[in-house]
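Worksheet: one structure, shown below.
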Amino acid sequence: MDISTRDEGEWLLVQPAGEIDIATADAVESHLAENRDTILDLTQVTFMDSTGLRTIVGAHNRLKEANHRLRIVIPDGPVERIIAITGLTGALDTVGTLEDAISSV
């Protein structure tokens, strides 16, 4: 798994690539540890298991509690399906493209 980060205005942009599972979730979580508004771009994520879901929900809850936001880019595909199946689509701040996430910050 590769994870890149960069500032996007006042927001932190986190872009993992590969699989988010039990072996890689801790690395993703460490990149989401900053207390600031964050865009998590899952465009290059090919697979995510329940550990990845826990990581995202945990980061969402922690940032919300600290009065920050987690906006998640989830294009159509396997990751979008697992988010939808679990009913998290309405609970998380999701958009379909990185352009949508950036234009709405």
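The values are calculated or read from the model by the stated rules, or taken from the named source; none is laboratory data. Not measured: the values here are computed from a predicted model. Positions of Cβ are generated from backbone atoms using ideal geometry, with glycine treated the same way; all protein chains shown enter the neighbour counts.
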For ALA101, state whether it is out of contact with any strand residue (DSSP E or B) (no Cβ under 8 Å at 6 or more places or on another chain) and surrounded by 17 or more Cβ atoms within 10 Å (Cβ to Cβ). no
What residue, among those in the range 62-85 that are under 14 Å from ILE20 (Cβ atoms) and in a loop (DSSP other than H, G, I, E, B), is modelled with the lowest pLDDT? GLY77
How many residues are under 17 Å from ALA33 (Cβ atoms) and charged (D, E, K, R) when one looks only at the range 1-20? 2
Looking only at the range 74-94, and only at residues there that are over 18 Å from ARG62 (Cα atoms) and hydrophobic (A, V, I, L, M, F, W, C), the one that is surrounded by the fewest Cβ atoms within 10 Å (Cβ to Cβ): ILE85
Pick from the range 17-61 the residues that are hydroxyl-bearing (Ser, Thr, Tyr) and outside any helix (DSSP H, G or I): which of them is surrounded by the fewest Cβ atoms within 10 Å (Cβ to Cβ)? THR46
Out of all the residues in the range 8-16, is one or more at positive phi and either touching a residue at least 12 places away in the same chain (Cβ under 8 Å) or surrounded by fewer than 17 Cβ atoms within 10 Å (Cβ to Cβ) (or both)? yes
First in the range 46-61 and within 9 Å of ILE82 (Cβ to Cβ), second anywhere and exposed (fewer than 13 other Cβ atoms within 10 Å of the Cβ) and β-branched (Val, Ile, Thr), Cβ under 9 Å, 6 or more apart: ASP49/ILE22; SER50/ILE22; SER50/THR86; GLY52/ILE22; LEU53/THR86
